[in-house]
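The values are calculated or read from the model by the stated rules, or taken from the named source; none is laboratory data. Quick caveat, the model's predicted, so the values are computed rather than measured. Neighbour counts run over all protein chains shown; Cβ positions are idealised from the backbone, glycine included.
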Amino acid sequence: MMRILITNDDGIKADGLLGLVKWACKYGEVTVCAPLHEQSGKSQGIDIFHPIAVSKYDLFPEVEAYAVDSTPADCVRFGIIGLGRKYDLVISGINRGYNIGQDIVYSGTVGSVMEAAAQGVNGLAISTSPSTLQAALEQLDYVYKFIERNNLFAINDVYNVNIPENPQGIRITHQGKARYSDEWVDMGNGTYTQVGQFIFENTKNLDLDTDCVMNGYVSVTPMQTDRTNLALYKKLAGYLNQ
């Protein structure tokens, strides 16, 4: 039986997590380690300076669950290192909001599965629009069977999945451009708030995760923990490392 660790960045009470856990139980033994509070935008950050409170959480009778008062990446670290367990797969989500384009860099949903890969475990990040959660839950078998049928985890350890409503199909994609242009708004008394302006331009290039999702396809993006620009490394090393 497959052993699955589930987390998210919306918090342990999020509907997307609850639906994902119910779905995952038919594929294996599920453990949940999710943030006590919302941790959106925390990427792969961890807290190495403060004690982290962890408590058992009554989620479902057949599921062992923990609320971790830290980041999504720390939730994965507790599930693997803190509990001293081995897993076959870490799934993060279902996030309420697409994680495509530049959003991937900031996403705690994606950051948690990158941490899983760093710990030697396959990871799957799943996101959808806030208004299409139920529709996305209904597509999970369709998406997971695509991953299994094509044996994707045999060739890469992390995938970022975004599910639109009523998808026309599934496409393998790469990261698109930013969808938002941010502003810092002066609120007075030395405080500011960040406000995003939607700037997405639909080029209908279905190889981009942004355009793919916005045009009604499930986007499956292979990701990696190594941030080296390998093409440039090979070019530079070819004549500078002589």
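The residue that is modelled with the highest pLDDT, among those in region 90-109 that are out of contact with any helix residue (DSSP H, G or I) (no Cβ under 8 Å at 6 or more places or on another chain) and crowded, with 19+ Cβ neighbours inside 10 Å, is Ser107. Being hydrophobic (A, V, I, L, M, F, W, C) and over 30 Å from Asp15 (Cα atoms) is the requirement here; does Leu232 meet it? Taking the combined requirement at face value, the residue satisfies it.
Exactly one residue out of Ser92, Ser129 is within 18 Å of Leu5 (Cβ to Cβ), in contact (Cβ under 8 Å) with a residue 12 or more places away in the chain and among the small types (Gly, Ala, Ser): that is Ser92.
Scanning region 41-89 for residues that are of a type in the set (Asp, Glu) and either on the phi > 0 side of the Ramachandran plot or crowded, with 21+ Cβ neighbours inside 10 Å (or both) turns up just one, Asp74.
If you go through region 206-242 and keep only what is β-branched (Val, Ile, Thr) and not in a loop (DSSP other than H, G, I, E, B), you end up with Thr210, Val213, Val218, Val220, Thr221.
Restricting region 200-242 to residues that are free of Cβ contacts under 8 Å to residues at least 12 places away in the same chain and within 20 Å of the chain's Cα centre (by Cα) leaves a set whose member that is nearest to Gly101 (Cα to Cα) is Arg227.
Of the residues making up region 49-97, those that are small (Gly, Ala, Ser) and either assigned to a loop (DSSP other than H, G, I, E, B) or over 30 Å from Glu138 (Cα atoms) (or both) number 6.
The residues of region 184-205 that are assigned to a strand (DSSP E or B) and surrounded by 12 or more Cβ atoms within 10 Å (Cβ to Cβ) amount to a single one, Gly196. Scanning region 145-169 for residues that are without any contact (Cβ under 8 Å) to a residue 12 or more places away in the chain and among the acidic types (Asp, Glu) turns up just one, Glu148.
Residues are listed down the side, and each one gets a yes or a no for (1) touching a Ser or Thr at 6+ places or on another chain (Cβ under 8 Å); (2) small (Gly, Ala, Ser); (3) at pLDDT below 95:
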| site | (1), (2), (3) |
| --- | --- |
| Arg3 | yes, no, no |
| Trp23 | no, no, no |
| Glu29 | no, no, no |
| Gln39 | yes, no, yes |
| Gln44 | yes, no, yes |
| Phe49 | no, no, no |
| Lys56 | no, no, no |
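Of the set (1) over 17 Å from Gln175 (Cα atoms); (2) buried (at least 19 other Cβ atoms within 10 Å of the Cβ); (3) in contact with a Leu (Cβ under 9 Å, 6 or more places away or on another chain), all apply to Ala117 but (3). Evaluate the following for Ile147: is it farther than 18 Å from Gly111 by Cα and under 17 Å from the mean Cα position of the chain (by Cα)? In short, yes. Candidates are the residues of region 1-29 that are part of a strand (DSSP E or B) and hydrophobic (A, V, I, L, M, F, W, C); the one that is farthest from Glu64 (Cα to Cα) is Met2. Taking Val68 as the residue in question, decide whether it is under 15 Å from Ile6 (Cα atoms), within 15 Å of the chain's Cα centre (by Cα) and not basic (Lys, Arg). No; evaluated as a whole, the condition is false for this residue. Taking every residue in region 176-193 that is under 20 Å from Val105 (Cβ atoms) and in contact (Cβ under 8 Å) with a residue 24 or more places away in the chain and pairing it with any residue that is acidic (Asp, Glu) and not in a strand (DSSP E or B), at least 6 positions away or on another chain, the pairs with Cβ-Cβ distances below 6 Å are Gly176/Asp209. State which residue is surrounded by the most Cβ atoms within 10 Å (Cβ to Cβ) when the search covers only region 147-183 and only residues that are part of a strand (DSSP E or B) and at pLDDT below 95. Taking the candidates together, the pick is Tyr180.
Each row is one residue, and each column tells you yes or no for (1) within 15 Å of Glu115 (Cα to Cα); (2) touching a strand residue (DSSP E or B) at 6+ places or on another chain (Cβ under 7 Å).
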residue	(1), (2)
Gly19	no, yes
Asp58	no, no
Tyr66	no, yes
Phe78	yes, yes
